[in-house]
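Notes for the one structure printed next.
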Amino acid sequence: MTPTTGVDIYRIEYRTFRDDGVPGASTARVYLPHTPRSLPLPIIAVAHPTEGLAPSCVPSASPTSLEDEALPWAASGFAVIASDYAGLGNEGVQGYLDNHDQAHSMLDSARALRAMLAPGVFDHRVLLVGYSQGGGAVLASQGLASSYGAGGNVVGVVVFAAEYFARMNSLQFVTTLQSPTNLTITSGVTVPVVAATRDYAFSYNVLGADAGGATFPEGGASGIEGALMSLCEVPFGGYIQGVAPHLGDLFDEGFRSSLLACIQGTGGCSGLGSQYYQWLQSDLIAPDPAGAPILYVQGLSDTIMPPAQEAACNIGQLLNAGVSVQVCTDQAAQHTDIVARNVAFALQWSDRVLYGGAMPTCSSAGMPTCQP
């Protein structure tokens, strides 16, 4: 894409609500174009991929973050807000893969940007853009927008390779619980990192700050907790490979066996495992068939969010719910380059959603069937 305008960048903090309805706050980066596309503008709200829980991982504090995801919209004349999600880099802990927590941050970010500028700068339209973890955040937002509100009307959702908790075995979580003797290294970097990060975020935010390591093995809990709060995603993955050689080393055994019993409907569902299972169930969000249409872009060479285990299953649920979904596949795209390779098409799709005209077409060839 060819930029059409320069951009001023600001860092702000805004009010939101956490998963439990308690008031919270999120920081964000705001991009304001020197030459707006046209006034009044729609709001573009961008959701970032997994970075980690540590304060040093905050995207809005890095001058080069989101250059492929947020900056192209701003450089095309749109006003953009990119949330960090509540608890990342400010008070508390990010609700990692907590659908409600992340969706609240996203939907409230549009309200915050609207309140930041003078009346009349923005119209009612909101477009959501998310990549990886952010893809899950905006899919959850699509389901919640009508009931929670978005400081406007969500008219379109752009998703790149979503990391979305939409079923029990999303991100191979149940498979991980069932395979305690499997070598962690054979599961790849993503699966154990996601499991440990989400478990810690649940324990901290739901059980309390003193219980952050409750799901981890007693002997390693403090080390894993310390690493989570000091390392970003990639180095934390390396740490996990060293201290948890087997997948079972990621969990307190009582918690693992109890949670698995809850999922499988067998005896032994009790205690912390039961509490976590109930939270997982309550955090599932139904797609809104009357909500915004979705552009779902997936790389077929993605080994981080494998299309058969993730995209195909997410898309199937969306279509079964009656949501309008346009699927675009990129045969060669991996997880790390899916946005850069396809952002120009996403911008074109967004333009048609916002301003009308014939919708652009893309290939959906090669998308596998769901293998949950």
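Details
- Residue that is nearest to the chain's Cα centre (by Cα) [pool: residues in segment 196-239 that are open to solvent by less than 60 Å² (accessible area, probe 1.4 Å) and more than 27 Å from His100 (Cα to Cα)]: Gly238
- Test: Tyr14 is without any contact (Cβ under 8 Å) to a residue 60 or more places away in the chain, over 22 Å from Phe236 (Cβ atoms), over 15 Å from the mean Cα position of the chain (by Cα) and not in a loop (DSSP other than H, G, I, E, B): no
- Where Ala45 falls short, out of the listed (1) part of a loop (DSSP other than H, G, I, E, B); (2) open to solvent by less than 40 Å² (accessible area, probe 1.4 Å); (3) closer than 15 Å to Gly134 by Cβ: (1)
- Number of the exception - Gly92 against (1) modelled with pLDDT under 95; (2) more than 23 Å from Ser56 (Cβ to Cβ): (2)
- So Tyr148, is it open to solvent by 20 Å² or more (accessible area, probe 1.4 Å), over 19 Å from Phe255 (Cβ atoms), among the aromatic types (Phe, Trp, Tyr) and free of Cβ contacts under 8 Å to residues at least 60 places away in the same chain: yes
- The residue pairs whose first member lies in segment 329-340 and is within 16 Å of Ala365 (Cβ to Cβ) and among the aliphatic types (A, V, I, L, M), whose second member is assigned to a helix (DSSP H, G or I) and open to solvent by 60 Å² or more (accessible area, probe 1.4 Å), and whose beta carbons are closer than 8 Å, counting only pairs six or more residues apart or on different chains, are Ala332/Arg341; Ala333/Arg341.
- When segment 329-359 is filtered for residues that are open to solvent by less than 60 Å² (accessible area, probe 1.4 Å), within 17 Å of Ala292 (Cα to Cα) and of a type outside the set (Gly, Ala, Ser), the ones remaining, listed by number, are Leu347, Trp349, Asp351, Val353, Leu354.
- For segment 275-298, the candidate set comprises residues that are over 20 Å from Val194 (Cα atoms) and among the small types (Gly, Ala, Ser); within that set, the residue that is surrounded by the most Cβ atoms within 10 Å (Cβ to Cβ) is Ala292.
The values are calculated or read from the model by the stated rules, or taken from the named source; none is laboratory data. Predicted model, so just to flag it, every value in this text is computed and none were measured. For neighbour counting, all protein chains shown are included, and Cβ atoms are generated from backbone atoms with ideal geometry for every residue, glycine included. Surface accessibility is based on the protein's heavy atoms, side chains included, excluding ligands, DNA and RNA. Shrake-Rupley method; radii C 1.70, N 1.55, O 1.52, S 1.80 Å.
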